[in-house]
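S.K.: Sharing a structure, written as structure tokens. Questions coming.
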Amino acid sequence: MFTGIVTDIGTITAIDDRGDLRVRITTAYDMAGVALGASIACSGVCLTVVDKGPGWFAVDVSAHTISRTADRWRAGERLNLERALRVGDELGGHIVTGHVDATGTVLGICPDGESKRIGVAVPAALAPFIAAKGSITIDGVSLTVNEVADQPDGTAHFAINLIPHTQAVTTLGALAQGQAVNLEIDVLARYLQRMEAARGAAQHKS
């Protein structure tokens, strides 16, 4: 589990195609305190540390993960990093699993005071889970949805605000129009949808 509070920005320095991709990432983390097999969220994707050294670690990225996430897996790409939540840690964002639900597309970016207002388009499958004042994870960053606009084709557009601090300590400050981003919906929304579906099925049977 994670919280969506980014604690480092890493950079991919090497890619080795072994069927799965072996991805080497630089980090400011003290890797002596990170065990092999530990989980690190990389721009919202929970991955397992399979190799490490001072100032770097490596993860294996499967073809399934590549197909489900934004195109981040190339040398030079900067990634938002977060180590797994430990018992007793402060929950500063919201509960994040590190399992990307879908990718969205940045519709536009405009200044809002010192902040940036960013619009994102989401596919129809995710649209029912996005709610104003609810939580959303974008590239591993916990954010609050400001507003949602449902579209005639079943998709949705939503907007978030990036304060200067978030722009500075994550990769989101460099987002561009048309860019794909990793999205994870609030886990509470997932459970509520499942409960609603089960209730509807029970009423149908009766």
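S.K.: Using a/c under 1.5 as the rounded threshold, could you call region 96-166 rounded, prolate or oblate? The axes a ≥ b ≥ c are square roots of the C-alpha gyration tensor eigenvalues, and prolate needs a/b larger than b/c, oblate otherwise.
M.R.: oblate
S.K.: Projecting each Cα onto the charge dipole of region 17-168 (Lys/Arg +1, Asp/Glu -1 at the beta carbon, about the Cα centre), which of ALA131, VAL50, PRO111 comes out farthest on the positive side?
M.R.: Positive-most Cα among the choices belongs to VAL50.
S.K.: Return one whole number: the accessible area per residue of region 1-92 in Å², for a 1.4 Å probe.
M.R.: With the other protein chains kept in place, region 1-92 gives 50 Å² per residue.
S.K.: Can you tell me which of 52-60, 133-141 comes out highest on packing, and rank the rest after it, using the mean Cβ neighbours within 10 Å?
M.R.: Peptide ranking by packing, descending: 133-141, 52-60.
S.K.: On to the next question. Using each residue's phi in region 141-147, evaluate 6.51 cos²θ - 1.76 cosθ + 1.60 at θ = phi - 60° and report the 3J(HN,Hα) Karplus result to the nearest Hz, with x for Gly and Pro.
M.R.: 9, 6, 9, 9, 6, 7, 7
S.K.: Can you check what the Kirkwood hydrodynamic radius comes to for region 1-47, Cα pairs only, in Å to one decimal?
M.R.: 12.1
S.K.: Taking a quarter of the surface of the convex hull around the Cα atoms of region 31-137, what do you get in nm²?
M.R.: Taking the Cα atoms of region 31-137, their convex hull projects to 9.3 nm² on average.
S.K.: Still on this model: Which of the peptides 74-82, 11-19 is most tightly packed, and how do the rest follow, judged by the mean count of other Cβ atoms within 10 Å per residue?
M.R.: Sorting 74-82, 11-19 by mean packing, highest first, produces 74-82, 11-19.
S.K.: Using a simple spin-label model with points 7 Å from Cα along the Cα→Cβ vector, what separation in nm is obtained for HIS64 and ALA32?
M.R.: My value for the distance between the label points is 3.7 nm.
S.K.: Further question: For the chain, with all protein chains present and a 1.4 Å probe, just round the carbon and sulfur fraction of the accessible area to a whole percent.
M.R.: 53
S.K.: Cα centroids of region 24-70 and region 101-118: how far apart, whole angstrom?
M.R.: If we compute the Cα centre of each part, the gap is 27 Å.
S.K.: Leaving ligands, DNA and RNA out of it, work out the accessible area of THR48 with a 1.4 Å probe and give it in Å² to the nearest 10.
M.R.: Only protein atoms counted, so the area is about 60 Å².
S.K.: Using alpha carbons only, how many degrees (0 to 90, rounded to 10) separate the axis of helix 187-205 from the longest principal axis of the chain?
M.R.: The helix 187-205 is inclined about 40 degrees to the chain.
S.K.: For the chain, calculate the relative contact order in percent as a whole number, restricting contacts to Cα pairs under 8 Å that are 6 or more residues apart.
M.R.: After rounding, I find 23 percent.
S.K.: With a point put 7 Å past each Cα toward its Cβ, work out how far LEU107 is from ALA125 in nm, to one decimal.
M.R.: 2.1
S.K.: Something else about it: Please report, in Å, the Rg and the Dmax of the chain, where both are computed over Cα atoms only.
M.R.: 17.7, 62
S.K.: Provide the gained length on full extension for the span THR48 to ASP17, in nm with one decimal, where the gain is 0.36 nm per separating residue minus the Cα-Cα distance.
M.R.: Roughly 9.5 nm would be gained on extension.
S.K.: Amide H to amide H, which residues 5 or more places from ALA156 or on other chains are under 5 Å from it, using H placed in the peptide plane?
M.R.: For ALA156, whose amide H was placed from the backbone, the distant partners under 5 Å are VAL122, GLN151.
The values are calculated or read from the model by the stated rules, or taken from the named source; none is laboratory data. Small disclaimer: the values here were computed from a predicted structure and weren't measured. Using ideal geometry, Cβ is built from the backbone for each residue, glycine included, and neighbour counts are taken over all protein chains shown. The area values use the complete protein model at the heavy-atom level, side chains included, leaving out ligands, DNA and RNA. Shrake-Rupley method; radii C 1.70, N 1.55, O 1.52, S 1.80 Å.
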